[in-house]
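Reading through the structure tokens given below for one structure.
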Amino acid sequence: MSAKPIIVWFRNDLRLADNRALTAAIATKAPVLPVFIHDPHAAGVWTPGSASRWWLRHSLQALDAALEKRGSRLIFRHGSSETALRELVDESGASGLYFSRSYEPWARVQEERVKAAFDGTTVDVKRFAGALLREPEDVRTKAGEPYKVYTPFWRALMALGAPGAPLPAPKSVPGPGKTVASDRLADWALLPTKPDWSGGLRDMWSPGEESAHARLATFLKGSLGGYADQRNLPSVEGTSRLSPHLHFGEISPRQCWQLAVTGRKSATQSDAALETFLKELVWREFSYHLLFHWPTLPDEPFRPEFSAFPWEADEDKLKAWQRGRTGYPIVDAGMRQLWHTGWMHNRVRMVVASFLVKHLLIPWQAGAAWFWDTLVDADLASNSASWQWVAGSGADAAPYFRIFNPITQGEKFDTEAAYVRRWVPEIAQLPDTVIHAPWTAPKAVLDKAGITLGKTYPLPIVDHAAARQRALDGYAAMRA
DNA sequence: TTTTGAGTTGTTCGA
DNA sequence: GTCGAACAACTCAAA
């Protein structure tokens with residue numbers, strides 16, 4: 001008679017290393033039954049978008065392969081998590097259920113349902129931390145309140161000391177002892193088929209734990225030194241590009257923190273660059289902190305007075321923004337990079353978001369929804385907090401008068417226009433001096449570059465100066 | 001309780 | 001062309 005297994009329920013923690021639920025399950029010496037449940041209805045409107053599903057599919061495949069190497073397999077089930085887990089307990093005779101915490105409002109509800117499903121049974125349900133550096137309950141102001149401002153949050157986090165050392169990956173995972181049925185991953189239809197638009201994603205990304213570590217190692221060795229400045233240049237690979245790996249938990253923030261800090265000791269890294277990187281990890285953390293303590297963050301303005309903002313719903317302008325046809329090259333380049341690769345450089349995210357919200361006066365929720373569907377790193381905490389930050393309605397948000405100028409942002413951060421030329425090839429022949437504002441080019445220059453504005457490339461859908469003033473007026477109206 | 005210092009990422013204008 | 005001020009007070013966090 002074989003011992004009763006422990007179920008390890010994988011969620012957004014698709015890794016073997018630094019996975020406390022998995023490590024704890026193995027430590028019991030019982031057989032381990034790893035499972036992932038496809039439960040697309042649990043998240044409501046925040047069910048993963050198309051690009052996220054693509055990533056999920058490949059990440060699950062990678063996790064399954066990694067488990068197979070260690071003598072186990074990942075079981076795939078679908079349906080509501082509590083039902084699927086109850087069935088799995090019945091079929092396997094499991095004595096325990098271990099899993100990592102998630103922090104999205106819907107995921108917290110899901111956890112409560114799962115716990116309730118095993119109330120009064122002998123199944124030992126255990127929940128572990130791991131997606132964050134610190135648990136949201138553990139970072140409090142002196143008055144015991146959650147933080148609303150980033151810098152004090154950062155200081156408080158630093159005052160708690162370095163996050164604990166990450167756990168090593170288990171060398172082997174004891175098999176479940178008894179065969180249980182599994183869905184076929186391919187049957188979940190996570191990948192696009194007609195048409196298959198994922199070519200650009202495949203070119204740029206390699207989901208899975210192993211790739212996540214390779215990405216971090218490359219970043220620490222290559223880009224971290226110049227991170228403080230280079231991270232703002234969209235034509236340069238100056239950022240870590242870890243966001244999708246972090247979102248799916250292929251790598252933990254503790255691992256990133258630890259490796260960045262120890263890497264610096266052995267190399268010649270500037271403290272400023274390292275601190276800038278750690279601060280970015282903590283921005284992610286701050287977003288989770290906000291979402292955890294203010295669960296309406298994805299839907300409602302954090303600052304309630306923004307409910308009175310005079311937004312203008314304009315489907316045509318929204319569509320032009322989504323398709324990268326606004327007539328502002330840096331905006332269009334960003335939106336096309338997003339569409340093709342499932343990712344957009346952070347600097348450009350701020351520019352396109354500011355443009356949607358302030359130049360077009362379209363509600364930030366519409367932008368967040370588009371990002372949700374198209375980003376491989378779509379993350380409810382980061383996405384919601386960052387859109388609200390740009391809109392001015394968020395915690396510690398950009399002041400209302402901070403309206404990015406899409407022309408000067410292009411000139412400043414894409415000076416030689418390598419980024420714009422790559423993503424907006426129809427204007428690539430324009431000289432640097434006018435490429436960020438094609439409508440200012442003399443006719444002869446446009447002719448020479450083969451451009452007819454309004455035909456081969458759009459005229460600006462709004463005038464910058466007028467749009468800026470309109471946004472300022474909107475904020476004035478809101479405050480009145 | 002009251003006070004005080006501080007607060008990611010920008011733009012424009014005028015001297 | 002460079003530089004500082006204005007943009008608007010407000011809220012937060014800590015002393």
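Every number here is computed from the coordinates shown, using simple stated rules; none is lab data. For clarity, every value in this text was computed on a predicted model and none was experimentally measured. For neighbour counting, all protein chains shown are included, and Cβ atoms are generated from backbone atoms with ideal geometry for every residue, glycine included.
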For the stretch A:378-454 the chymotrypsin sites (Phe, Trp or Tyr not before Pro) that pass both the DSSP coil test and the at-most-14 other-Cβ-within-10 Å test are A:Phe401
For a quick check: with amide H placed at 1.01 Å from N, whose amide H comes under 5 Å from A:Phe128's, ignoring anything fewer than 5 positions away on the same chain? A:Phe99, A:Ser100, A:Arg101
Per residue, how much space in cubic angstrom lies within the convex hull of the C-alpha atoms of chain A? 154
Per DSSP, loop trypsin sites (Lys or Arg not before Pro) in the stretch A:355-449 with at most 13 further Cβ within 10 Å: A:Arg402
Residues listed by number, the stretch A:11-32, amide nitrogen under 11 Å from A:Glu87 label point at 7 Å toward C-beta: none
How much net charge surrounds A:Gly450 when only other residues with a Cβ under 15 Å from its Cβ are counted (Lys, Arg +1; Asp, Glu -1)? +2
Using DSSP to define loop residues, name the trypsin sites (Lys or Arg not before Pro) in the stretch A:1-66 whose beta-carbon has at most 16 other beta-carbon atoms within 10 Å. A:Lys29
By per-residue mean of other Cβ atoms within 10 Å, what is the highest-first order of A:210-217, A:197-204? A:210-217, A:197-204
FRET efficiency estimate (nearest 0.05) - Cβ-Cβ, A:Ala217 to A:Glu426, R0 41 angstrom: 0.65
Please give the length that would be gained between A:Ala165 and A:Glu112 if that part of the chain were fully extended, namely 0.36 nm times their separation in residues minus their C-alpha to C-alpha distance (nm, one decimal). 16.2 nm
Give me the extension gain from A:Asp447 to A:Gln230: residue separation times 0.36 nm, minus the current Cα-Cα distance, reported in nm with one decimal. 74.7 nm
Given pairs A:Lys115/A:Lys171; A:Lys319/A:Lys358; A:Lys319/A:Lys455; A:Lys69/A:Lys221 and cut-off 21 Å on Cα-Cα distance, the over-length ones are A:Lys115/A:Lys171; A:Lys69/A:Lys221
Is the stretch A:304-479 best put as rounded, prolate or oblate by its Cα gyration tensor, with a ≥ b ≥ c the root eigenvalues, rounded for a/c under 1.5, and otherwise prolate when a/b is larger than b/c, oblate when not? prolate
Multiply the residue separation of A:Asp203 and A:Thr179 by 0.36 nm, subtract the distance between their alpha-carbon atoms, and state the gained length in nm to one decimal. 5.0 nm
